[in-house]
Structures are given as C-alpha cells and as structure tokens.
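As structure tokens, the structure follows; a few thoughts come after it.
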Amino acid sequence: IISWHQTKMSSPGGNWTITALHRENVFAAFKQKLEASLDSVCVFVSQDPAKDLSALAEKAKIANTADEFLKTLGREHRDHFDQLIAKWDVNKETGFWFLTRCEFRTIPQVEIEKAIDTYSDFYFTNTSTVVFAQLREFLETRFNKKITTERGRADIRAEKKLELKD
C-alpha cells in the first residue's frame, strides 16, 4: 500500500469543509493518486477536523457496496457526498470506492511535536530540533515521490546530516 498525505495547519473556520478542501486542491491530488493505483491510500491531516468527510469515509469503510453505503446516509450526509463526487467529477460508485481509501485525521500540533521528539530519540542520535529540520528538508525535496523505508534510510545515511541509531 502506498500512503499519500496532504497536510494543512488549520482551517479559517475551524473545520475543513468540502468547499475549503476543493479550493486547496486536496481533492484533485487525491483523485490523481486514487485513480493511478488501487494500492494508493490518501490521508488528510490537520489540527482542525474535516467533520463531514471524516464521517463519510468512516461510513464508506463499513459498507460493502456503494448502494449499501448510500442507504446508510441521512439527508445531510447524502448532500455532502453529492458535493464531493461533483468536486471529484466521478459517479457514485467511484466516489464510494475513493472514500474507502481516504482518511481524514485530526491531530493537534502539540501531539505532532511530541511524536517527533519521541521518534527522534528512538531512531536518531541527533536532537529532535535537528532531526525535525533535516527530515523536513529531506521530505520537501521528495514531494510526490515514493519513499520506501530502505531508500529513505540509504538516502539519510548518504547525506550524513542525521545519524541513525543501529
């Protein structure tokens, strides 16, 4: 499985609506990845929730078919689903299958920073401040590229900016 991520700090309204995510081109990027491979999963992460999309994605994951999914939706969720498939420019079946491979996560910034500290201490000899800066640079130079664990380790060792623990 290939996991593609889109991140945004926060939404001006405190909730990522379908309109706001469309304006930020999140759906266009997700559609491209989801159409390219059935092994692709798309994850949206922000410290503000995407309430409507999160609810739709969770409902899609427990349904077996698009028809079964649609029967579980109330009027408001059905309206949101119709908005979503219009933004994606796909039919209901394709929209359902896309949703089964999408996640919408809400993670506060402080939690992300704590995770960085923990993983930095576990995997690197450098301080977490150094690790964060170097990994950010590492990732920014590899946007939209596939990074495997093996390739990532090899590149980090070759660049000699971070020291991996054995």
Segment 1-50 - residue that is of a type in the set (S, T, N, Q) and in a helix (DSSP H, G or I) and, of those, farthest from the chain's Cα centre (by Cα): Thr19
Would you mind stating whether Thr94 is closer than 30 Å to Ala158 by Cβ and either surrounded by 15 or more Cβ atoms within 10 Å (Cβ to Cβ) or without any contact (Cβ under 8 Å) to a residue 24 or more places away in the chain (or both)? no
Any residue in segment 147-162 that is open to solvent by 90 Å² or more (accessible area, probe 1.4 Å), more than 16 Å from the chain's Cα centre (by Cα) and within 23 Å of Ala36 (Cβ to Cβ)? yes
I'd like to know if segment 79-102 contains one or more residues that are within 21 Å of the chain's Cα centre (by Cα) and modelled with pLDDT under 90. no
Based on what the data block shows, is Thr127 hydroxyl-bearing (Ser, Thr, Tyr) and closer than 27 Å to Ile18 by Cα? no
Subset of segment 60-77 (residues that are surrounded by fewer than 19 Cβ atoms within 10 Å (Cβ to Cβ) and in contact with a Ser or Thr (Cβ under 6 Å, 6 or more places away or on another chain)): Lys61
Which pairs turn up if I take residues in segment 140-161 that are over 15 Å from Tyr123 (Cβ atoms) and look for partners that are among the hydroxyl-bearing types (Ser, Thr, Tyr) and not in a helix (DSSP H, G or I) with beta carbon separation below 6 Å, at least 6 apart in sequence or on another chain? none
With respect to Ser54, is the statement that it is of a type in the set (Ser, Thr, Tyr), modelled with pLDDT of 95 or more and either over 21 Å from Glu111 (Cβ atoms) or under 12 Å from the mean Cα position of the chain (by Cα) (or both) true? yes
Output the number of the condition that Ile116 fails; it satisfies all remaining conditions of (1) out of contact with any strand residue (DSSP E or B) (no Cβ under 8 Å at 6 or more places or on another chain); (2) modelled with pLDDT under 95; (3) surrounded by fewer than 14 Cβ atoms within 10 Å (Cβ to Cβ). (3)
From the residues in segment 97-112 that are among the polar types (S, T, N, Q) and surrounded by 14 or more Cβ atoms within 10 Å (Cβ to Cβ), which one is farthest from Gln47 (Cα to Cα)? Thr100
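The values are calculated or read from the model by the stated rules, or taken from the named source; none is laboratory data. What you see is a predicted model; the values in this text were computed from it and never measured. Backbone-built Cβ (ideal geometry, glycine too); neighbour counts: all protein chains shown. Note: areas computed on protein heavy atoms with side chains; ligands, DNA, RNA excluded. Shrake-Rupley method; radii C 1.70, N 1.55, O 1.52, S 1.80 Å.
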